[in-house]
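Have a look at the structure below, then the notes.
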Amino acid sequence: MADWIDAEQAMATLGVRAQTLYAYVSRGRVAAAAHPDDPRRSLYRASDVAALAARKARGRRAADVAAEAIAWGEPVLPSAITTVAGGRLFYRGQDAVDLARMHSLEQVARLLRGGHGAPLKGPEPKKPKKGDTPRARLFSTLAVRAGIDPPARGRAPLALAMEAAGLLEAAADAVAGSIGDGPIHHRLAQAWKLDAQGADLVRRALVLLADHELNASTFAVRVAASTGASLAAASLAGLAALSGPLHGGMAARVEMFVDEAERRGPARAVAERLAQGAAMPGFGHPLYPDGDPRAAALLAAFAVPPMLADLRRETEAATGLLPNIDFALVAMARTLALPADAPFSLFAVGRMAGWQAHAIEQLQTGQLIRPRARYVGERPVTGG
């Protein structure tokens, strides 16, 4: 590992303390890997450290700083909802992993909204048509509500919280394919024909997915909400962003990796991806250099199938990367024999709780999110 240095060398080169070095790693500016002789320690890519040191020495223009903030950069919006600190995820100051041990999604959704809101039922979802998928029903439900619900701007926070709770219920019903009663995780478990243990795993997953700071879908929600759009319309913007293969669709890429491991064997599948310079879907996360706590909490709650356990071990040994929530969702889905699109469904229903909280918080600021573009095209022709 000639291109890797220890923490002391990295801090000396950058002239920073340990906390700042860890922050650079969490933002994706410096790659980190487990020390081959001591897994409790980390090594840092020397070329990344050198490039960062050179950039600091030159200084940066404000435009460059702003551009970097868009991709795992500095925080760009104030929020009191969720943060990642010390390798852990917190919902309004409470550890998400601790909440997942006993709380329901509905309880965590109220926490994220600031403690308000019993469900205010909107129009009942249409009965599923033959061939409908949970994803299609979810998009349709939000689209219908977006077309008839009033704008959110100027409405009382309590009214918005009640509407948000109702939208969360509607999303769960859309995925389940029927209008049900009881906790959301029970409704999904019933739709997927799970026992009590399976229902509890669904509950844990939903809570761990409820929010994740300013990710792509949540940012889309806040942009839409900043215009005063209805909560349903803002949620539809989030769902559209979530559907992309680099966000909520990441589970499909993990499935492809797992399929490769089943055909060729885990060791060969990992080796071939390394030889091709390909990514390891389901492993590593820029905000969690020491491992995604959501994945660790979920994977500890069930027996991972042997082949997936082997793939995890081979990937960790070869790359030092630890499983993230996408790997954990795929492992859980395979363990419970869930439908193919279940990881996306869980992601969407769980994250709906965070989207609503962020939409309401953004509305309360009264500010429109309107960044400027840094033009890099052909120079305009002006008169004179």
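The values are calculated or read from the model by the stated rules, or taken from the named source; none is laboratory data. Source: prediction; values computed, not measured. Cβ coordinates were reconstructed from backbone atoms using ideal geometry, including for glycine residues, and neighbour counts include every protein chain displayed. Heavy atoms of the whole protein, side chains included, go into the accessibility calculation; ligands, DNA and RNA do not. Shrake-Rupley method; radii C 1.70, N 1.55, O 1.52, S 1.80 Å.
Look at R61 and say whether it is within 28 Å of R374 (Cα to Cα), in contact with a Pro (Cβ under 8 Å, 6 or more places away or on another chain), charged (D, E, K, R) and modelled with pLDDT under 85. Let's see the steps before the verdict.
Working: within 28 Å of R374 (Cα to Cα): yes; in contact with a Pro (Cβ under 8 Å, 6 or more places away or on another chain): no; charged (D, E, K, R): yes; modelled with pLDDT under 85: yes.
No.
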| Filtering the range 263-280 down to residues that are part of a helix (DSSP H, G or I) and free of Cβ contacts under 8 Å to residues at least 24 places away in the same chain, which residue is farthest from L321 (Cα to Cα)? | R263
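Which of the residues belonging to the range 6-17 are open to solvent by 30 Å² or more (accessible area, probe 1.4 Å) and at negative phi?
D6, E8, Q9, M11, A12, T13, R17
Going by the conditions given, is A171 under 21 Å from the mean Cα position of the chain (by Cα), assigned to a helix (DSSP H, G or I) and within 18 Å of A109 (Cα to Cα)?
On the way: under 21 Å from the mean Cα position of the chain (by Cα): yes; assigned to a helix (DSSP H, G or I): yes; within 18 Å of A109 (Cα to Cα): yes.
Taking the combined requirement at face value, the residue satisfies it.
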| request: Would you check if A224 is more than 17 Å from the chain's Cα centre (by Cα), closer than 20 Å to A143 by Cβ and not β-branched (V, I, T)? | output: yes
| field | Long-range neighbours under 7 Å by Cβ, at least six apart or interchain, first residue charged (D, E, K, R) within the range 101-113, second buried (at least 20 other Cβ atoms within 10 Å of the Cβ) and in a helix (DSSP H, G or I) | value | E106/I184; R113/A161; R113/A164; R113/Q356; R113/A357; R113/I360
| task | Just give me the residues in the range 205-217 being of a type in the set (G, A, S) and surrounded by fewer than 22 Cβ atoms within 10 Å (Cβ to Cβ), in sequence order. | result | A216
| said: Which pairs turn up if I take residues in the range 1-28 that are more than 10 Å from V49 (Cα to Cα) and look for partners that are of a type in the set (D, E) with beta carbon separation below 8 Å, at least 6 apart in sequence or on another chain? | reply: R27/E74
| query | Can you pull out the residues in the range 311-350 that are of a type in the set (S, T, Y) and either closer than 30 Å to R40 by Cβ or in contact with a Ser or Thr (Cβ under 8 Å, 6 or more places away or on another chain) (or both)? | reply | T315, T319, T335
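So for the range 197-204 (the condition being modelled with pLDDT of 95 or more, open to solvent by less than 30 Å² (accessible area, probe 1.4 Å), aliphatic (A, V, I, L, M) and outside any helix (DSSP H, G or I)), does at least one residue qualify?
Narrowing the range 197-204 to residues modelled with pLDDT of 95 or more: 197-204.
Those left that are additionally open to solvent by less than 30 Å² (accessible area, probe 1.4 Å): 198-199, 201-203.
This time we only want the ones that are aliphatic (A, V, I, L, M), so: 199, 201-202.
From what's left, outside any helix (DSSP H, G or I): none.
The answer is no; no qualifying residue exists.
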| task | Looking only at the range 24-51, count how many residues are over 26 Å from E213 (Cα atoms) and hydroxyl-bearing (S, T, Y). | result | 1
| Just for the range 78-115: of the residues that are open to solvent by 50 Å² or more (accessible area, probe 1.4 Å) and of a type in the set (A, V, I, L, M), which one is farthest from H358 (Cα to Cα)? | M102
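Filter the range 179-196 down to residues that are touching a residue at least 40 places away in the same chain (Cβ under 8 Å) and farther than 16 Å from A353 by Cβ and give me whichever is most open to solvent (accessible area, probe 1.4 Å). Talk me through it step by step, then tell me what you get.
Going through the range 179-196, the residues touching a residue at least 40 places away in the same chain (Cβ under 8 Å) turn out to be 179, 183-185, 188, 192, 194.
Checking the rest, the ones that are also farther than 16 Å from A353 by Cβ come to 179, 192, 194.
Numbers: I179: 92, W192: 36, L194: 37 Å².
Among those that are touching a residue at least 40 places away in the same chain (Cβ under 8 Å) and farther than 16 Å from A353 by Cβ, it is I179.
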| query | Any chance the range 281-298 includes a residue that's free of Cβ contacts under 8 Å to residues at least 40 places away in the same chain, over 19 Å from L209 (Cα atoms) and not charged (D, E, K, R)? | reply | no
